[in-house]
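Report on the structure given below.
The values are calculated or read from the model by the stated rules, or taken from the named source; none is laboratory data. Worth saying up front: this structure is predicted, and the values here are computed from it rather than measured. Virtual Cβ from ideal backbone geometry, glycine too; neighbours counted across all protein chains shown. These accessible areas exclude ligands, DNA and RNA; they are computed on the full protein's heavy atoms, side chains included. Shrake-Rupley method; radii C 1.70, N 1.55, O 1.52, S 1.80 Å.
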Amino acid sequence: MDKKITLIIIVAFNLLAIACTKGFDKEKVVNKTEKVIENIKILELGTNNHSIYTSIVINAPSNQVWEVMTDFNNMPNWSSTLKKISGNLINEGKVDVTYSIDEKVRIIPHNFIYSENEYYGWSDTIQVLPGIIDRHLFRIESIDSINTKFIQSDEFKGQNQNIGTVNLARYVLPSYLIFNRELKKEVESRLENSKK
């Protein structure tokens with residue numbers, strides 16, 4: 001089966017799994033007090049321009065969330081999707097980002113965006129999808145002294161003959177949610193273990 005057909009099948013499956021609505025927007029209530037701890041949105045910003053917004057509340061101070069999300073050497077021990085970030089880990093540095101997607105490991109070079117204790121990510125052309133630029137950010141916001149909102153967002157802009165920006169957003173969304181939930185679990189587990 002050629003790569004284009006495989007990609008079409010994967011995208012079709014994800015479209016069904018995520019919901020094929022334009023401007024998909026979902027808040028997921030997952031605790032008994034009816035407090036929203038997870039937020040998921042795909043928004044159309046314009047022609048060939050879509051964004052993903054995901055957030056999750058982590059029951060830990062922001063400095064502890066930041067410590068785990070920037071411990072790139074230990075990331076493969078708890079993250080099944082984003083495996084490693086290596087290189088010049090400063091703002092505008094060149095980095096290699098290692099992903100595990102569809103049970104395949106891919107290493108993609110990026111231009112790093114970094115602000116200490118706030119966010120990191122990258123913004124450049126996706127090498128495997130020429131014509132599409134993404135701006136992918138991992139960010140924290142302190143809610144209070146014991147809770148932090150972790151935000152993973154991405155914006156796709158441009159054209160590629162194999163996939164449009166809305167389908168790309170729907171395709172990658174499940175892996176972003178997995179990372180968010182695994183980060184929450186790891187941070188809260190480390191915090192709990194430190195109290196013992």
Please note which strands (runs of 3 or more DSSP E) are completely contained in segment 101-196 and include at least 3 residues that are hydroxyl-bearing (Ser, Thr, Tyr).
-> 119-125
Go through segment 68-100 residue by residue and tally those that are at negative phi, among the acidic types (Asp, Glu) and either in a loop (DSSP other than H, G, I, E, B) or open to solvent by less than 20 Å² (accessible area, probe 1.4 Å) (or both).
-> 1
Over segment 102-161, the set of residues of a type in the set (Asp, Glu) and either in contact (Cβ under 8 Å) with a residue 40 or more places away in the chain or open to solvent by less than 30 Å² (accessible area, probe 1.4 Å) (or both) is Asp102, Asp124, Asp134, Glu141, Asp154, Glu155
So which residues in segment 100-126 are over 15 Å from Gly87 (Cα atoms) and hydroxyl-bearing (Ser, Thr, Tyr)?
-> Ser100, Ser115, Tyr119, Ser123, Thr125
Among the residues of segment 28-59, write down those that are of a type in the set (A, V, I, L, M), touching an Asp or Glu at 6+ places or on another chain (Cβ under 6 Å) and either modelled with pLDDT of 95 or more or open to solvent by less than 20 Å² (accessible area, probe 1.4 Å) (or both).
-> Ile52, Ile56
